[in-house]
1. Within the stretch 285-307, count every residue that is of a type in the set (Gly, Ala, Ser), open to solvent by 40 Å² or more (accessible area, probe 1.4 Å) and closer than 25 Å to Ala265 by Cα.
2. Quick test of your reading of the structure: Ile362 fulfils all but one of (1) over 20 Å from Lys182 (Cβ atoms); (2) modelled with pLDDT under 95. Name the failing condition by number.
3. Quick one: how many residues across the stretch 165-194 are touching a helix residue (DSSP H, G or I) at 6+ places or on another chain (Cβ under 7 Å), assigned to a strand (DSSP E or B) and within 14 Å of the ligand (Cβ to nearest atom)?
4. Which of the residues spanning the stretch 137-156 are more than 13 Å from the chain's Cα centre (by Cα) and open to solvent by 10 Å² or more (accessible area, probe 1.4 Å)?
5. Restricting attention to the stretch 60-74, does a residue exist that is within 16 Å of the ligand (Cβ to nearest atom), open to solvent by 40 Å² or more (accessible area, probe 1.4 Å) and either within 19 Å of the chain's Cα centre (by Cα) or modelled with pLDDT under 95 (or both)?
6. Select from the stretch 171-193 the residues that are open to solvent by 10 Å² or more (accessible area, probe 1.4 Å) and touching a Pro at 6+ places or on another chain (Cβ under 9 Å) and write down the one among them that is farthest from Val283 (Cα to Cα).
7. Out of Gln146, Gln138, which single residue is assigned by TED's automatic domain parsing to the domain that holds Pro221, touching a residue at least 40 places away in the same chain (Cβ under 8 Å) and either under 22 Å from Gly204 (Cβ atoms) or among the β-branched types (Val, Ile, Thr) (or both)?
8. Answer yes or no as to whether Gly244 is surrounded by fewer than 24 Cβ atoms within 10 Å (Cβ to Cβ), touching a residue at least 60 places away in the same chain (Cβ under 8 Å) and within 16 Å of the ligand (Cβ to nearest atom).
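The values are calculated or read from the model by the stated rules, or taken from the named source; none is laboratory data. Just so you know, these numbers come straight off a predicted model, no measurement behind them. Every residue, glycine as well, gets a Cβ built from its backbone with ideal geometry; the counts of neighbours run over all protein chains shown. Side chains included, ligands, DNA and RNA excluded: accessible areas come from the protein's heavy atoms. Shrake-Rupley method; radii C 1.70, N 1.55, O 1.52, S 1.80 Å.
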Amino acid sequence: MEPEIFFDNNATTRPLPEVCQAVTDAMGAAFGNPSSDHAAGHRARRTLAQARGYLADLLGCRPEQLIFTGSGTEANNLVLLSAAAGRRACRIVSTPVEHSSVLKTLDALRQKGAEIVLIPVDAAGRLDLDALEQALSQPADLVSVQWVNNETGTVQPVLEIADLCRRRQIPFHTDAAQALGKLPIHAEQLPADFLTVTAHKIHGPQGVGAVYARNPERLAPMLFGGSQEAALRPGTENLPGIAGFGKAAQLRAANLPAVQTALAALRDRFEQQVCRLVPDVTVNGDPGNRVCNTANLCFHGLDGQALVARLDLQGVRCSQTSACTSGRPEPSYVLRAMGLSEEDAYASIRFSFGLFNTQDEIETLRN
Ligand SMILES: Cc1ncc(COP(=O)(O)O)c(C=O)c1O
């Protein structure tokens, strides 16, 4: 069998050995229900508090401002549905390049009568700040704009967006699932009201996310039950997952600049190689303003889907970010929103790098 070369780290990342150990410990020596009032419960509570502290350090916030969820998807749902909860009329401003967990939730809210305004993006995938300012001349209940796009790595002008929102006292949510561990984040300084993160993009476990909330009282729970996570996400905590998330956050907080440098070196070398070997390749997104690990390349005139399948046969995992609608693949809505033709969107492939990738893997591309 071909050795696997995993260039799809924006989809998910392989958990680090230290993360696996933290998960194993939480299922073994540190086992317990954090709600129990005995020594095993106290031990589990300490594990939970430690993980929350590590994530708070990475996000630049206080531990009590974090609510653990079952995924980034759930975190996005919690924030968006909270904005609409208890309101007859609701107006939310977002963009057409958000992750499906935002766009589909907005669709559901629209069906219930909410007004959803999507601000266009330019050819690099950056939101049009003038259009946003204009949209905010009317009251809004929430602005939700991703920090980093999962397909292109384009970084949105979140500081400017946060400032526009703050001046109008409109709550600002940013989906930071792809920004966490790739950019420095200071949630309190941004300032964002809500922020979404997920563990499995930073070599943590799958199935655990979190919401940062400046004021958690402004969230409305989607589930009802116990008092876990300040009753905003009741249900016995996924302690192994949260412990693994904490460990991944602790490790990333300790070496973010080194990770950024290493991943950017891999990505840049990869792009150089591809552009040297393949004629007529262009970079999608904003090469001067994207996260360190993402390359979205358009192989003009080629069938991206067939290329992804061919690379897969050779052991190289990458993705064509198309959605499958009733069996027929649709071109990426993100690339289409940036103005790419249907043909170029179909010809585009995302390569995303992580801590387990090596220069050797990039050099094998020559063959
Ligand atoms: C930008 C963005 N938001 C949200 C999510 C959803 O996170 P999860 O997979 O934990 O549900 C992802 C994951 O692909 C993402 O890339």
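1. 1
2. Unmet for Ile362, out of (1) over 20 Å from Lys182 (Cβ atoms); (2) modelled with pLDDT under 95: (1).
3. Going through the stretch 165-194 one residue at a time, the tally reaches 5.
4. Ser137, Gln138, Pro139, Ala140, Asp141
5. Pass one, the stretch 60-74, residues within 16 Å of the ligand (Cβ to nearest atom): 66-74.
With open to solvent by 40 Å² or more (accessible area, probe 1.4 Å) added as a condition, the list becomes 73.
Filter once more, so that each one left must be either within 19 Å of the chain's Cα centre (by Cα) or modelled with pLDDT under 95 (or both): 73.
The answer is yes, given that some residue of the stretch 60-74 is within 16 Å of the ligand (Cβ to nearest atom), open to solvent by 40 Å² or more (accessible area, probe 1.4 Å) and either within 19 Å of the chain's Cα centre (by Cα) or modelled with pLDDT under 95 (or both).
6. Asp193
7. Only one candidate passes the filter, namely Gln146.
8. Considered against the rule, which asks whether it is surrounded by fewer than 24 Cβ atoms within 10 Å (Cβ to Cβ), touching a residue at least 60 places away in the same chain (Cβ under 8 Å) and within 16 Å of the ligand (Cβ to nearest atom), Gly244 comes out as no.
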